[in-house]
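Here the structure is laid out as C-alpha cells; the discussion comes afterwards.
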Amino acid sequence: MTQAVDPVSDDIVTLQTHVLQEKRRHPDASGTLSWILSALSISAKIIAAQLRRARLENVLGAVGTENVQGEEQQKLDVIANTVLMRALGSREGVMVLASEEAEEPVVITENRGDDRGYCVLFDPLDGSSNLDVAGGVGTIFSILRHDRRSSRTEDSVLQPGDRQVAAGYVLYGSSTVLVLTTGEGVDMFVLDTSIGAFIRVERGLRIPESGRCYSLNEGNRRSFPAGYCAYLDWAQGNGYSSRYVGAMVADVHRTLLKGGVFMYPPTEKAPSGKLRLLYEANPMAMLIEQAGGQATDGQGRILEIQPTALHQRTPVILGSPAEVARVSEFLMPAPEAGAA
Ligand code: AHM
Ligand code: MG
C-alpha cells in the first residue's frame with residue numbers, strides 16, 4: 001500500500017522558497033536579508049564541493065601563515081574565507097563583513113546615517129584542524145542590522161548577540177546540513193547534491209529538555225575552574241556519556257538534536273575560553289535559545305554580553321535547558337560560612 005501524501009505538510013521546500021515564504025510574512029521587509037541568505041547558501045555549496053575534493057586537489061594542510069589569533073591557517077580556511085567574502089561582498093545591503101580570518105572588519109558601504117544595511121560576521125571554516133582526517137567542519141554566521149549610532153561603520157559589528165536578526169551554521173559532515181534562525185524558531189535544511197539545492201527537512205526544531213551527555217575537551221580538565229570539575233564528577237557518577245568532535249559546529253549540532261550540554265570553559269592557557277563571541281558563541285547561542293535551550297558564559301546569557309572587540313573570546317556553556325541549569329549550579333560560588 002502506498003503511503004498517502006499530504007500536499008501541505010509533505011511539501012518540498014528549498015531554502016530559497018523558505019526565505020521567500022518568510023519574506024512574504026513580512027511585507028515591509030526590503031528583501032536584503034533574503035539576498036544575504038542566498039549568498040550564504042551559494043557559499044556553502046561551493047565550500048562543500050571544495051571540501052569533498054580537497055584531498056584530490058591537494059588543498060589540505062597549512063598555508064604556512066597564522067591568522068590574527070595566532071592560529072595556523074589551513075589552505076581551506078583561506079579558500080572558504082575568499083568564497084564568503086566574494087559572495088557576500090557584492091550583495092546590495094551588505095555594509096560590513098567580519099571574519100575570523102581577517103584582523104579588521106571590511107567596510108563594503110559607508111554608514112549613511114540610517115539602519116538600512118547589514119553586518120555579516122562569520123567563521124568561514126570552523127574546526128579546520130579536523131580537515132586532514134576528513135572529520136566534520138562547519139561555517140558559522142551571524143547577521144546584524146547596521147547600527148547607525150556607531151561612529152565608525154566597522155564598529156557596528158560590536159553589538160550584543162540579542163540584536164542578531166539571523167544566525168546559522170553549515171555542517172559539512174556525512175551530509176551538508178544548514179541550520180538557520182531568523183528569530184522565529186530554528187529550521188534545518190539538507191543539501192541535495194544531485195539538484196544543488198538545500199531542502200528543508202525540519203521546521204521549528206526544539207532541543208530536548210535534557211540529555212545525559214556532556215561535550216568538552218576533557219584534556220584541559222586540570223586547568224578548569226573547580227565548578228566544572230565538580231560538575232564532571234557529578235555527571236560521571238550519574239552515568240553521563242562524553243562526546244567531543246573538537247569542531248564546534250559538529251558538537252553543537254549533536255547537542256541540538258540529541259540534547260546534553262556543550263562547553264568550552266576558561267583554561268589557564270585561555271582564561272576567557274577559546275571560542276569567539278561574535279561569530280562563534282553568539283550565533284550558536286541564538287540558535288540554541290530559539291530552539292528552547294540556554295547559552296551562558298557561566299555568569300549570564302551570552303546574548304547579553306556587550307562586545308568590545310571583534311575577536312573577543314568567551315567561555316561557552318550551551319544546550320538543553322536542564323543541563324545548562326545544572327552546570328550553572330555547580331559554577332555558583334559557595335555561600336560564605338556563617339551567611340544566613
Ligand atoms: P577554529 O575556529 O580555529 O577552528 O577553533 C575553534 C574550534 C571549535 O570548533 C572547537 O569547539 C574548538 O576549537 C576545539 O578546541 P580544542 O581543540 O581546544 O578542544
Ligand atoms: Mg572557529
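The values are calculated or read from the model by the stated rules, or taken from the named source; none is laboratory data. None of the values given here were measured: they were computed from a predicted structure. Neighbour counts are summed over all protein chains in view; Cβ atoms, including those assigned to glycine, are modelled from backbone coordinates with ideal geometry. For accessibility, only protein heavy atoms count, side chains too; no ligands or nucleic acids. Shrake-Rupley method; radii C 1.70, N 1.55, O 1.52, S 1.80 Å.
Among the residues here, Ser129 does not qualify as open to solvent by 20 Å² or more (accessible area, probe 1.4 Å), polar (S, T, N, Q) and more than 16 Å from ligand 2 (Cβ to nearest atom).
Checking each residue of the range 204-211 against the condition of being within 16 Å of ligand 1 (Cβ to nearest atom) and either assigned by TED's automatic domain parsing to the domain that holds Gln299 or more than 26 Å from Thr176 (Cβ to Cβ) (or both) gives no match.
Every residue, every condition in (1) open to solvent by less than 10 Å² (accessible area, probe 1.4 Å); (2) more than 16 Å from ligand 2 (Cβ to nearest atom); (3) on the phi < 0 side of the Ramachandran plot, yes or no:
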residue	(1), (2), (3)
Asp251	yes, no, yes
Gly259	yes, yes, no
Met263	yes, no, yes
Glu268	no, yes, yes
Gly273	yes, no, no
Leu278	yes, no, yes
Asp297	no, yes, yes
Thr308	no, yes, yes
Gln312	no, no, yes
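Of all residues in the range 206-220, one or more are open to solvent by 10 Å² or more (accessible area, probe 1.4 Å) and without any contact (Cβ under 8 Å) to a residue 24 or more places away in the chain. Listed conditions (1) closer than 22 Å to His311 by Cα; (2) within 16 Å of ligand 1 (Cβ to nearest atom) are all met by Val106, apart from (2).
Take Ser156 and tell me if it is open to solvent by 20 Å² or more (accessible area, probe 1.4 Å), farther than 24 Å from Lys23 by Cα and not in a strand (DSSP E or B). Answer is no for this residue.
Taking only the range 132-148 into account, find how many residues are over 20 Å from Val165 (Cα atoms) and either open to solvent by 10 Å² or more (accessible area, probe 1.4 Å) or away from ligand 1 (no atom under 16 Å from the Cβ) (or both). Selection size over the range 132-148: 5. Against the conditions (1) within 21 Å of the chain's Cα centre (by Cα); (2) touching a residue at least 60 places away in the same chain (Cβ under 8 Å); (3) more than 30 Å from Asn67 (Cα to Cα); (4) surrounded by 18 or more Cβ atoms within 10 Å (Cβ to Cβ), Phe330 satisfies every one except (1).
Look at (1) open to solvent by 30 Å² or more (accessible area, probe 1.4 Å); (2) in the same structural domain as Pro315 (by TED's automatic domain parsing); (3) of a type in the set (A, V, I, L, M, F, W, C) and you find that Ile195 fails only one, number (2).
Just one of the listed residues (Arg112, Arg55) is in contact (Cβ under 8 Å) with a residue 40 or more places away in the chain and away from ligand 1 (no atom under 16 Å from the Cβ), and it is Arg55. Residues that are more than 17 Å from the chain's Cα centre (by Cα) and open to solvent by 50 Å² or more (accessible area, probe 1.4 Å) within the range 176-192 comprise just one, Asp192.
Look at the range 24-35: where a residue is within 15 Å of Gly89 (Cα to Cα) and a partner is part of a helix (DSSP H, G or I) and open to solvent by 40 Å² or more (accessible area, probe 1.4 Å), sitting 6+ places away or on another chain with Cβ atoms under 6 Å, you get Ser34/Lys23.
Here Phe189, Phe141 are screened, and the one residue that is touching a Phe, Trp or Tyr at 6+ places or on another chain (Cβ under 6 Å) and over 23 Å from Val107 (Cα atoms) is Phe189. The number of residues in the range 232-265 that are within 17 Å of the chain's Cα centre (by Cα) and in a strand (DSSP E or B) comes to 4. Taking the range 1-104 and the strands (runs of 3 or more DSSP E) fully enclosed by it, the elements with 3 or more residues that are modelled with pLDDT under 85 are at 62-66, 72-74.
Scoring Asp77 on the criteria (1) among the charged types (D, E, K, R); (2) touching a Gly at 6+ places or on another chain (Cβ under 8 Å); (3) within 13 Å of ligand 1 (Cβ to nearest atom) leaves a single failure, condition (2).
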